[in-house]
Amino acid sequence: MARIMVVEDNALNIKLFCDLLTAHGHDTRPVVDSREALETAREFAPDLVITDIQLPHVDGMELMRLIREDAAPLARVPIMAVTAYAGEGDDERIRNAGAQAYVSKPISVVRFVETVDRLLEDGPIEADRLEDDGHDESGPREGAASSQDRTPDEGPAETDEGPLT
Ligand code: MN
């Protein structure tokens with residue numbers, strides 16, 4: 001059994017993910033409002049974080065950076081991103097933001113569960129890996145991440161209503 005925090009703004013998806021994880025014996029903590037995610041993570045101390053990328057307020061890319069910049073042990077938690085689009089370049093962008101893996105939506109249940117198992121088996125990220133991330137050949141993560149548009153706190157920018165959520 002592992003402690004898994006799931007950040008996802010879509011009610012059906014978060015229920016699906018948490019039901020799946022619970023059925024596999026895990027202790028899940030759903031977070032619908034990403035503004036609560038960092039504080040919840042500090043308190044819940046998850047073994048794994050699963051986060052949607054397209055989230056209102058704090059999007060998944062930003063949340064991953066906040067977690068990686070937080071104090072240990074949270075900074076070392078493995079992160080699995082879930083995203084509706086994973087086009088060319090997205091893989092690198094998502095990994096540079098701090099994810100160990102991503103699964104595209106709509107999810108394959110088998111792939112979802114296998115990826116969760118693999119990340120839990122790998123365990124916390126080694127501290128030297130975290131430090132290396134900022135200055136290895138893949139470039140600084142600030143640079144890779146700066147092109148990501150952030151959803152404003154207010155306004156009509158929520159794009160998650162369609163079939164892509
Ligand atoms: Mn979403």
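Values quoted throughout were computed directly from the atomic coordinates according to the rules given, and no laboratory measurement underlies them. Values in this document were obtained by computation on a predicted structure and should not be read as measured data. Positions of Cβ are generated from backbone atoms using ideal geometry, with glycine treated the same way; all protein chains shown enter the neighbour counts.
Close amide H contacts of VAL31 (hydrogens built in the peptide plane, cut-off under 5 Å, sequence separation of 5 or more or a different chain): VAL6, VAL7, GLU8. Full extension of the chain segment joining LEU12 with ASP128 gains 38.0 nm, where the gain is 0.36 nm per residue of separation less the Cα-Cα distance. Going by neighbour counts of Cβ atoms within 10 Å, the residues HIS24, HIS57 line up, fewest first, as HIS24, HIS57.
Can you compute the FRET efficiency between ASP27 and ASP90 using 1/(1 + (r/R0)^6), with r the Cβ-Cβ distance and R0 = 45 Å? Round to the nearest 0.05. If you can, show how the numbers build up before the last one.
Values: r = 30 Å, r/R0 = 0.67.
Efficiency, from the Cβ-Cβ distance: 0.90.
Provide the net charge surrounding PRO78, with neighbours chosen by a C-beta distance below 10 Å and charges set as Lys +1, Arg +1, Asp -1, Glu -1. For residues surrounding PRO78, the net value is -1. Translational diffusion coefficient of the stretch 1-137 (Stokes-Einstein, Kirkwood radius from Cα pairs, 37 °C, 0.692 mPa s): 223 µm²/s. Backbone phi angles across the stretch 89-96, fed through the Karplus curve with coefficients 6.51, -1.76 and 1.60 (θ = phi - 60°), yield HN-Hα couplings of x, 5, 4, 5, 4, 5, 5, 5 Hz in residue order; Gly and Pro are listed as x.
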